[in-house]
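Asks: The structure follows.
The values are calculated or read from the model by the stated rules, or taken from the named source; none is laboratory data. In this text the structure is predicted, and so the values were computed from the model without any measurement. Glycine gets a Cβ as well: all are built from the backbone with ideal geometry, and neighbour counts include every protein chain shown. Just so you know, the surface numbers come from the protein's heavy atoms only, side chains and all, with ligands and any DNA or RNA stripped out. Shrake-Rupley method; radii C 1.70, N 1.55, O 1.52, S 1.80 Å.
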Amino acid sequence: MKYKILIIFALSLLSNKIISQTKEIINPKGMWFFGAEIGMNKISSFSNGESKSSFQCGILSEYYFARYWSLSGRIKYFETGVSFYKPNTHSGSWFDLGSDEYFGSFNGAVISIPLDVKWNFRIFKNLGGNLKLGYAYNIETKSNYSNYSENLKTDYSKQYGSVNAGFGFNYFINKNIAIYLDAEFYSGTTKGYSDGLLGRNSYNTENNLINFGIKYNFKKDK
């Protein structure tokens, strides 16, 4: 429900700006933008009934090295986690080929530094869409391991990388101000595993984020 309210609010703002948009088509090539974003975070790697949604935020810098291409760097804060349970299937017989019991629950939070390459395309005048792909460096600020089975370790590194991908919409109000809405996915590090007949299954941190932001170019026209 929170996601729907955020999306409706953001799209209503976009609609109002589109109606009153300038006639000039903005070409951001060679321009730097700096901004801030807020939104919702869903931890998709929880599987034991925990609360999955929380607030997240960040700051952004973006450089357009071509009309339809840009590089963006951000510093974000969001919660993350993993939970899993694989029951014991041992029967106790000599021919037992089952697996041991595996379970655990990790609750954490990270400062994430994603770097993305973005392909931007125009939809209508100054309203555009984009696809992005990149890498994020994550530093855990909270690392709470609880209820882990004895056959699993909990001394995982507090710094790790993750894959970051997403898509979104961008609207230039004028040459200096733009607003945007996007969705992105983070696939991070392993926080546990289980062994079975088909091999090892790893449980990684996974987050889905929705961002609404504003960015500003400080360079004024002469």
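Asks: Is region 35-217 rounded, prolate or oblate when judged by the Cα gyration tensor, a ≥ b ≥ c being the square roots of its eigenvalues, rounded requiring a/c under 1.5 and prolate requiring a/b larger than b/c?
Replies: prolate
Asks: While we're here: Grab the beta carbon distance between S143 and S53, set R0 = 22 Å, and tell me the FRET efficiency rounded to 0.05.
Replies: So the FRET efficiency works out to roughly 0.60.
Asks: Over region 35-217, with the other protein chains present, what is the accessible area per residue in square angstrom, probe 1.4 angstrom?
Replies: On a per-residue basis, 48 Å².
Asks: When the accessible area of region 35-217 is computed with all protein chains present and a 1.4 Å probe, what percentage of it is carbon and sulfur?
Replies: 61 percent
Asks: Work out from phi, with θ = phi - 60° and the Karplus expression 6.51 cos²θ - 1.76 cosθ + 1.60, the ³J(HN,Hα) of each residue of region 117-134, listed in order in whole Hz, and give x for Gly and Pro.
Replies: Each residue of region 117-134 in turn: 9, 10, 9, 9, 9, 8, 9, 7, 6, 9, 9, x, x, 7, 10, 9, 8, x Hz.
Asks: So which of K42/K86; K86/K153; K23/K175; K23/K125; K118/K158; K42/K118 end up more than 19 Å apart by C-alpha?
Replies: The pairs that break the limit, which is 19 Å between Cα atoms, are K42/K86; K118/K158; K42/K118.
Asks: Search the structure for amide H atoms under 5 Å from the amide H of N164, placed 1.01 Å from N in the peptide plane, and list their residues when 5 or more places away or on another chain.
Replies: Here G134, Y135, A136 satisfy the definition.
Asks: Just name one of F172, S157, V110: the one whose Cα is farthest towards the positive end of the charge dipole of region 35-217 (beta-carbon charges, Lys/Arg +1, Asp/Glu -1).
Replies: F172
Asks: How much length would be gained if the chain were fully extended between Y77 and I25, taking 0.36 nm per residue of separation minus their Cα-Cα distance, in nm to one decimal?
Replies: Residue separation times 0.36 nm, minus the Cα-Cα distance, leaves 15.3 nm.
Asks: Here's a follow-up. Given a Förster radius of 41 Å and the C-beta distance between K175 and D195 as r, what FRET efficiency does 1/(1 + (r/R0)^6) yield to the nearest 0.05?
Replies: Efficiency computed from Cβ-Cβ geometry: 0.10.
Asks: Can you compute 3J(HN,Hα) from phi for each residue in region 57-66, using the Karplus curve 6.51 cos²θ - 1.76 cosθ + 1.60 with θ = phi - 60°, rounded to whole Hz and x for Gly and Pro?
Replies: Here the 3J(HN,Hα) series is 7, x, 10, 9, 10, 9, 10, 8, 8, 8 Hz.
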